[in-house]
Each structure stands twice: as structure tokens, then as C-alpha cells.
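Visitor: My questions all concern the structure below.
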Amino acid sequence: MAEELGLWPPREAELAVQEGLWEPLITDAAIDALGIQVVKFKEGLWRHIGDPPGTVRRSAQPPRRHAQ
């Protein structure tokens with residue numbers, strides 16, 4: 001099934017993670033390497049290049065920050 005959806009073989013991408021960031025930062029090169037097609041940036045809607053037509057995914061919500 002992963003092959004049919006264009007998810008296999010896995011794509012290679014180099015990512016860096018910085019502790020303390022509240023929103024993910026992702027470059028256009030990483031977006032392309034991962035096969036992501038943005039539908040609506042602000043709403044966090046996207047699809048994978050191998051998804052069936054009409055498929056739209058929603059990004060995970062970041063954890064809520066605690067008041068200090």
C-alpha cells in the first residue's frame with residue numbers, strides 16, 4: 001500500500017530540531033523532499049504527493065504553552 005501511495009521507498013531529508021520552538025520551521029527543500037503539498041498555510045492543511053485526489057490532511061497542533 002505504501003508503494004501505491006508514493007510513500008515507498010522512504011524519502012531522505014535532513015532536519016534540525018531546536019528545543020523551545022513553539023512552531024515548526026521547515027524549509028522549502030525539506031517540504032519538497034518529504035513530498036508535502038501545502039493546501040492552506042495558516043490553517044495547517046496539506047496533502048502528500050502520493051495521496052489520492054481530494055485528500056487533505058491537518059497538521060498536528062502544538063502543545064499549549066503554560067503561563068509563567
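The values are calculated or read from the model by the stated rules, or taken from the named source; none is laboratory data. Remember, it's a predicted structure, so these values are computed and weren't measured experimentally. Cβ coordinates were reconstructed from backbone atoms using ideal geometry, including for glycine residues, and neighbour counts include every protein chain displayed.
Visitor: Looking at region 13-36, I want the residues that are exposed (fewer than 12 other Cβ atoms within 10 Å of the Cβ) and have a partner that is in a helix (DSSP H, G or I) and modelled with pLDDT of 80 or more with Cβ atoms under 8 Å, at least 6 apart or on another chain. Which pairs are those?
Guide: Within 8 Å, the pairs are Glu14/Ala30; Leu15/Ala30.
Visitor: Here is a follow-up. Can you pull out every residue in region 37-53 that is surrounded by 12 or more Cβ atoms within 10 Å (Cβ to Cβ) and either among the acidic types (Asp, Glu) or touching a residue at least 60 places away in the same chain (Cβ under 8 Å) (or both)?
Guide: Answer for region 37-53, where residues must be surrounded by 12 or more Cβ atoms within 10 Å (Cβ to Cβ) and either among the acidic types (Asp, Glu) or touching a residue at least 60 places away in the same chain (Cβ under 8 Å) (or both): just Asp51.
Visitor: While we're looking at this one, here's another question. Quickly run through region 24-39 and pick out the residues that are more than 10 Å from Ser59 (Cβ to Cβ) and of a type outside the set (Val, Ile, Thr).
Guide: Those that are more than 10 Å from Ser59 (Cβ to Cβ) and of a type outside the set (Val, Ile, Thr): Leu25, Asp28, Ala29, Ala30, Asp32, Ala33, Leu34, Gly35, Gln37.
Visitor: Could you check region 25-47 and list, in sequence order, the residues that are part of a loop (DSSP other than H, G, I, E, B) and either farther than 26 Å from Arg64 by Cα or in contact with a Ser or Thr (Cβ under 8 Å, 6 or more places away or on another chain) (or both)?
Guide: The answer is Leu34, Gly35, Gly44.
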